[in-house]
Amino acid sequence: MGTTSTIPTKTATALDAAENLAGRVGSAAGNVYDATKVAGKQVGSVASEEMMKLKADLDDLISRLPSLSDIDLTAAKEKLLEQVAAAKEAANQASSTAREKLNQGVEVAGGYVKEKPLQSVAVAAGVGILIGMLIARSK
């Protein structure tokens, strides 16, 4: 009879461990999501700022176009092309940062699964059990 009473205890302990691990995995996933969201906002902010600068310079160029000589027009064109390149580079860097943050999160999660495969399976099982219990309650 001692065996029968230890089975529920082992199950409860495994579920507790799975819930704990699921909480940590969820927290890590949330951190990755937050970092990706922040990086995405940075991309949008940088791109928006650069586009506003570019538009202002283009408006200025258009307003001065009739009075520009060929030399001035060539210089303005070069300046405009430099600004387009700078805006493109800033957007690429921000995008690269966002990609790096996401890859770091995936590597951390993957490393955890490689280091602790049984706990990872337990977490998956625990999460599945919890979701099943929640679904069963809602019916």
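Inspection of region 117-128 identifies at least one residue that is loosely packed, with under 15 Cβ neighbours inside 10 Å, over 30 Å from V38 (Cα atoms) and among the β-branched types (V, I, T). Are any residues in region 76-95 aliphatic (A, V, I, L, M) and closer than 20 Å to G44 by Cα, and if so, which ones? If the condition is that a residue be aliphatic (A, V, I, L, M) and closer than 20 Å to G44 by Cα, then V84, A85, A86, A87, A90, A91, A94 are the ones that fit. Residues in region 67-92 that are without any contact (Cβ under 8 Å) to a residue 12 or more places away in the chain and closer than 24 Å to E49 by Cα: 9 in all. Just give me the residues in region 96-116 being surrounded by 14 or more Cβ atoms within 10 Å (Cβ to Cβ), closer than 30 Å to V46 by Cα and free of Cβ contacts under 8 Å to residues at least 60 places away in the same chain, in sequence order. Within region 96-116, T97 is the sole residue that qualifies. Screening L68 with (1) modelled with pLDDT of 80 or more; (2) surrounded by 10 or more Cβ atoms within 10 Å (Cβ to Cβ) gives one miss only, at (1).
In this structure, is V32 modelled with pLDDT under 75, more than 30 Å from I129 (Cα to Cα) and hydrophobic (A, V, I, L, M, F, W, C)? No.
The values are calculated or read from the model by the stated rules, or taken from the named source; none is laboratory data. In this text, all values refer to a predicted model and were calculated from it rather than measured experimentally. No Cβ is skipped: glycine too gets one built from the backbone with ideal geometry, and neighbour counts run over all protein chains shown.
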